[in-house]
Amino acid sequence: MTHSDKLSTDLCSQLEHLWHQHFPLSKAMDVRVDAFLNHQLTTRTRLAPNTNIHNTAFAGSLYAIESLTAWGLLYLELQQAGFDASIIHARGNIEFDSPLRDDIVAVSRFDGQEHIFAELRSSGKARLSLSTQVFAAADTQQTNVVSSFEGLYVVRLNRADQ
């Protein structure tokens, strides 16, 4: 394992611990980091603790995992860049494309968002939009989107960095 791989693994463990400690719903939902590689965060959770009366994924659980995945991606990117910052989920929109009867996989990408690092350095704050998509765990090629989320996040450096 390379130093970079170990750092990524440690950050992912740190993120899961942070979620489960400060976002109790994430623990009840059993949200787990699956992978963080090439500016992409993939999370998973079992269907069982996240079902509705139709035995499909509960819409609230899908919103929660998608917003947490985007938040987590931003957290990991900021940590890797050396920033100590607070992240606020300011707004989110979700679209449901089809019912999900399988374990949940959420994917968020940090494509082209590096400009926030310069904004943080100059003003101590930044805003950015991140998207997340959910797939059925059985869809290993991730070809059929079950739901799509777009969230607005506000980042503010903690006082020690300003």
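The values are calculated or read from the model by the stated rules, or taken from the named source; none is laboratory data. It should be emphasised that the depicted structure is a prediction, and the values quoted were computed from it without experimental measurement. Don't worry about glycine lacking a Cβ; one is built from the backbone with ideal geometry, like all the others, and counts go over all protein chains shown.
Couple of notes before you dig in:
- Total residues in the stretch 99-124 satisfying the condition of being modelled with pLDDT of 95 or more and either in contact with a Ser or Thr (Cβ under 8 Å, 6 or more places away or on another chain) or of a type in the set (Lys, Arg) (or both): the figure is 10.
For every residue, the table says whether it meets (1) at pLDDT 95 or above; (2) under 19 Å from LEU130 (Cα atoms).
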site: SER13; (1), (2): no, no
site: ARG46; (1), (2): yes, no
site: PHE58; (1), (2): yes, no
site: TYR63; (1), (2): yes, yes
site: GLU66; (1), (2): yes, yes
site: ALA70; (1), (2): yes, yes
site: LEU74; (1), (2): yes, yes
site: ASN93; (1), (2): yes, yes
site: PHE96; (1), (2): yes, yes
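- Count of the stretch 46-75 residues which are hydroxyl-bearing (Ser, Thr, Tyr) and touching a residue at least 60 places away in the same chain (Cβ under 8 Å): 4
- Residue in the stretch 2-24 that is surrounded by 14 or more Cβ atoms within 10 Å (Cβ to Cβ) and among the β-branched types (Val, Ile, Thr) present: no
- So ILE87, is it within 16 Å of the chain's Cα centre (by Cα) and under 16 Å from LEU152 (Cβ atoms): yes
- Within the stretch 32-44, the residues that satisfy the criterion of being touching an Asp or Glu at 6+ places or on another chain (Cβ under 8 Å) and within 17 Å of VAL134 (Cβ to Cβ) are ARG32, VAL33, THR42, THR43, ARG44.
- Among (1) surrounded by 17 or more Cβ atoms within 10 Å (Cβ to Cβ); (2) hydrophobic (A, V, I, L, M, F, W, C); (3) farther than 20 Å from PHE149 by Cβ, the one test that LEU37 misses: (1)
One line per residue, one yes/no per condition, for (1) touching a His at 6+ places or on another chain (Cβ under 7 Å); (2) loosely packed, with under 15 Cβ neighbours inside 10 Å:
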site	(1), (2)
TRP71	yes, no
ARG91	no, yes
ILE94	no, no
GLY112	no, yes
SER122	no, yes
ALA137	no, no
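- Matching strands (runs of 3 or more DSSP E) fully within the stretch 9-102 where at least 3 residues are among the polar types (S, T, N, Q): 40-45
- PHE135 vs. criteria assigned to a strand (DSSP E or B), touching a helix residue (DSSP H, G or I) at 6+ places or on another chain (Cβ under 8 Å) and among the aromatic types (Phe, Trp, Tyr): no
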